[in-house]
Amino acid sequence: MDSKNTSTHDADKRDEERNRDIKIFVNGDIVHRDEAKISVYDSGFLLGDGMWEGMRLYHGKWAFFEEHMDRLFDSCKAVSLDIGMKRGGILDALNRTATANNMKHDVHCRLMVTRGAKSKPFQHPALSQSGPSIVIIMEHSKPAEILQTKGISLATVPQVRGLPMAQDAKYNSHSKLNCVIACLQAEQAGADEGLMLDPNGFVNTTNACNLFIIRKGVVWTSTGDYCMNGVTRGKVIDLCRANGIPVFEKNYSLYEAYGADEAFLTGTFGAQTPVYQIDGKPIGSQNGAGPVTLRLQKLYKELIASLF
């Protein structure tokens, strides 16, 4: 295993300096990052009671805005969290924040909605009486080159993706302890990310991204029963179906993952990130993306370009 770990969210180091003075949207105000504050009574801080979206800005256009809003509004409705604004209001807030930061391209955004400040530091949602908290963080953020030239390594971890009645992975919730534990387990195993199985022992996701493997030119991913409701995952499946690339959402085991010719992860930040190793076993050539992954990366870039 590697002594120095990579992450699917590693960004170009040159962006760090530019991000020192970003401005952040906090409940209608746009303030310097050093002044961006939320109450310690906020339900997101106290309980992880909130939902979020990770979004990308390309040439002034929010990629797949409607799909992200579908997920956000569905998740908030499912937990009776009133966002307090409609999609148009959220789009206006996003654009205001981008303008305040003079950001147009290679921008990553974290949009967060919590149930708001509580009157007492206890669990019941009725104690959140002041309305939701909405925060938007935008950063100059371009994926690090090593994510494509080398890819990342995975280690299967004890932490699993749970049953929907425990905490459905389709919620993009602030409650991420399950994933944090998986991330720690992967780090302790010397890998970049943790490969998480579902409750039946089938391959599911990593701690941060959805996983695809390719065997003999055929693309496999999990059934979707336990995985994150990934927007990029859905777009990759659509691209396969539209371009004659066989794709199956199915149960498969570690045995089949170890024998894959290629593997990659999907996520809003990294799009399609190659995997070169699972549990110390090499995947493909270990020199970045394989031929099917490269084709899907090209198709995805063309899809993004078609939005402008």
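The table for this structure:
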read-out	value
Wholly enclosed helices (runs of 4 or more DSSP H) of segment 142-251 bearing at least 3 residues assigned by TED's automatic domain parsing to the domain that holds Ala289 and either among the aliphatic types (A, V, I, L, M) or modelled with pLDDT of 95 or more (or both)	177-188, 231-242
One residue from Ser39, Ser43 being in the same structural domain as Arg96 (by TED's automatic domain parsing), over 15 Å from the mean Cα position of the chain (by Cα), within 18 Å of Val135 (Cβ to Cβ) and surrounded by 20 or more Cβ atoms within 10 Å (Cβ to Cβ)	Ser43
Residue match in segment 159-182 (condition: touching a helix residue (DSSP H, G or I) at 6+ places or on another chain (Cβ under 6 Å) and under 24 Å from Ser253 (Cβ atoms))	yes
Number of positions in segment 219-256 that are in contact (Cβ under 8 Å) with a residue 60 or more places away in the chain and surrounded by fewer than 17 Cβ atoms within 10 Å (Cβ to Cβ)	2
Residue in segment 259-271 that is outside any loop (DSSP other than H, G, I, E, B), over 23 Å from His108 (Cβ atoms), within 19 Å of the chain's Cα centre (by Cα) and touching a residue at least 40 places away in the same chain (Cβ under 8 Å) present	yes
Sole residue being within 28 Å of Met69 (Cα to Cα), among the basic types (Lys, Arg) and surrounded by fewer than 24 Cβ atoms within 10 Å (Cβ to Cβ), chosen from Lys176, Lys216	Lys176
Filter result for Lys23 (assigned by TED's automatic domain parsing to the domain that holds Ala98 and crowded, with 18+ Cβ neighbours inside 10 Å)	yes
Segment 278-301: number of residues that are out of contact with any strand residue (DSSP E or B) (no Cβ under 9 Å at 6 or more places or on another chain) and either in contact (Cβ under 8 Å) with a residue 40 or more places away in the chain or assigned to a loop (DSSP other than H, G, I, E, B) (or both)	2
Residues satisfying the stated conditions in segment 53-112, i.e. farther than 22 Å from Ala271 by Cβ and aromatic (Phe, Trp, Tyr)	Phe73
Among the residues listed as Val160, Val113, the single one being under 20 Å from the mean Cα position of the chain (by Cα) and farther than 25 Å from Gln277 by Cβ	Val113
Residue in segment 73-89 that is at negative phi, assigned by TED's automatic domain parsing to the domain that holds Asn19 and in contact with a helix residue (DSSP H, G or I) (Cβ under 6 Å, 6 or more places away or on another chain) present	yes
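The values are calculated or read from the model by the stated rules, or taken from the named source; none is laboratory data. Everything numeric here is computed off the predicted structure, so don't read it as measured data. Note that each Cβ is placed from the backbone with ideal geometry, even for glycine, and that neighbours are counted across all protein chains shown.
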